[in-house]
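Any read-out appearing in this document is the output of simple, stated calculations on the displayed coordinates, not a laboratory observation. Source: prediction; values computed, not measured. Cβ: placed from backbone, ideal geometry, glycine included. Neighbour counts: every protein chain shown.
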Amino acid sequence: MKTSVIVFPGSNCDRDVAVALKKMQFKNQMVWHKETSLPKTDLIVIPGGFSYGDYLRSGAVAGKSKIIDEVIKAAKNGCLVLGICNGFQILTETGLLKGTLLRNKNLKFINRDVNIKVINNETKFTSKYKLNEILKINIAHNEGNYFTDKDHLRELKNEGLIAFKYCDKKGITNEQSNPNGSLENIAGIFNSKKNILGMMPHPERMIDNHISNTDGVNLFSSLLN
Amino acid sequence: MTLKKDVLDPQGKVVQNTLANLGMSLKNIRQGKYFEIELEETDHGKAEKIIKQMCEKLLVNLIIEDYRINKL
C-alpha cells in the first residue's frame, strides 16, 4: 500500500509518521507542500506539528497551500486521508472535515498520554480495534478543543462519524476525562464517506513498547487490510 | 474579528476576570483580532468587496468567528 506524508514548514511529526508507516510495511513517500502533484498513493497522511508557526489560526495557512488542492481532489475521489493533530486542524481549514479546533479550554498546551475510546470500529481506519476498546495515546496540542454546529454534531452521532472520544481508564466519558474541552469529548472524526479521519491524539507515537505502547498499531494495520 | 457569541472565549474570560480583580466594573469582554489592510482600489464599494473576499477565504473562520469591516 502506497502512502504520502505531506510536509510543511513547521511539521514536526512527519518523520515519526514515516517511521510508523515503514514499520507497518507501507511504501511511503514524503511530499513537500510546494509540489503541485501527488505521487500515486492510497493513503495521504497530514502529520502533526506547527505548520507556519500556527500563524493566523492553526492550520489556516497550510490549508491554502498548493499541494492541498491535490489532496482535496484525491480525497474527493475516495483516497484515504489521515490528519493527525495539526493535520486534523489543517483538514478542518480545507473544509474536508467540518467543525474546527479551538484553543484548549484551560488555555494550556497539553502534552500527556490520555485514554480514548473507539466509537466506530467499522471503518477502514479502525477495523482492527474492538468497539469501545480503550486506548492510551499521547496528545500534544494547544488547540484541540473540537467544536461544530448542532446540525453537524447530530450528523456525527447519527451516521457513526465519531471515531474516538476522550475517556478515563474505565471508558467513562465526562468532563473529568475531557482534557481540552472538546464537544462531547470528541477526539477524532470521519467525513461522511468515512475515507477521511482527523484526530488529535498521536497513534504514530504508540507503535513500540520500548518507548511507549503499541495502542496505535491497529490503526495502521487496519489501513493495510 | 471576534469569536461568535455562543463560542467560549477563554482568553476573553481571563481578561474579564483580571479587569474585575483590578476593581474595574464591566459587563462583558470578547477578545478578537485586528488587521489593517491597505488596497490600491479607491472605490469604497469595490474595496469593501475585496476585503470581504479576503475575510471569507482566509482571514476569518466563519464557523466560529464574526467580522466587521471599518474604513480608516
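Where in chain A are the DSSP H helices whose C-alpha atoms run 15 Å or more along the long axis and whose mean Kyte hydropathy is at least 0.0?
A:66-76
Using a/c under 1.5 as the rounded threshold, could you call chain A rounded, prolate or oblate? The axes a ≥ b ≥ c are square roots of the C-alpha gyration tensor eigenvalues, and prolate needs a/b larger than b/c, oblate otherwise.
Judged from the Cα gyration tensor, chain A comes out rounded (a/c under 1.5).
On a 0 to 90 degree scale, rounded to 10, what angle separates helix B:10-21 from the longest Cα axis of chain B?
50
Report the label-to-label distance for A:Asn158 and A:Lys136 in nanometres (one decimal), using points 7 Å from each Cα along the Cα→Cβ vector.
In this crude label model, A:Asn158 to A:Lys136 measures out at 3.9 nm.
Can you tell me the dipole magnitude for the protein assembly as shown around its Cα centre, using point charges on the Cβ only (Lys, Arg +1; Asp, Glu -1), in Debye to the nearest 20?
500
Going down the table (A:Lys64/A:Lys165; A:Lys66/A:Lys98; A:Lys108/B:Lys5), which pairs top 25 Å between alpha carbons?
From the list (A:Lys64/A:Lys165; A:Lys66/A:Lys98; A:Lys108/B:Lys5), the Cα-Cα distance tops 25 Å for A:Lys64/A:Lys165.
Take B:Ile63, A:Ile172 and order them by how many other Cβ atoms sit within 10 Å, fewest up front.
A:Ile172, B:Ile63
Obtain the nm distance between the two label points defined at A:Asp113 and A:Leu224 by a simple spin-label model: each point lies 7 Å from its Cα along the Cα-to-C-beta direction.
2.2
Once you order the gyration tensor axes a ≥ b ≥ c over the Cα atoms, which shape class does chain B get: rounded for a/c under 1.5, otherwise prolate or oblate by comparing a/b with b/c?
prolate
With +1 on the Cβ of every Lys and Arg and -1 on the Cβ of every Asp and Glu, and nothing else charged, how large is the dipole of chain B about its Cα centre, in debye rounded to the nearest 20?
360
Taking every DSSP beta bridge that has both residues in the range A:2-224, what percent is antiparallel when rounded to the nearest 5?
60
I need A:Leu101, B:Leu8, B:Leu59 ordered by Cβ neighbour count within 10 Å, fewest first.
Going from sparsest to densest Cβ surroundings: B:Leu8, B:Leu59, A:Leu101.
Taking H placed 1.01 Å from N in the peptide plane, check which residues at least 5 places from A:Met30 or on another chain put their amide H under 5 Å from its amide H.
A:Val5
Sort A:Met199, B:Met54, B:Met24 so the one with the fewest other Cβ atoms within 10 Å of its own Cβ comes first.
Listing A:Met199, B:Met54, B:Met24 from fewest to most nearby Cβ atoms yields B:Met24, B:Met54, A:Met199.
Could you give the dipole magnitude of the range A:75-216 about its Cα centre, charging the beta-carbon of Lys and Arg +1 and that of Asp and Glu -1, in debye to the nearest 20?
120
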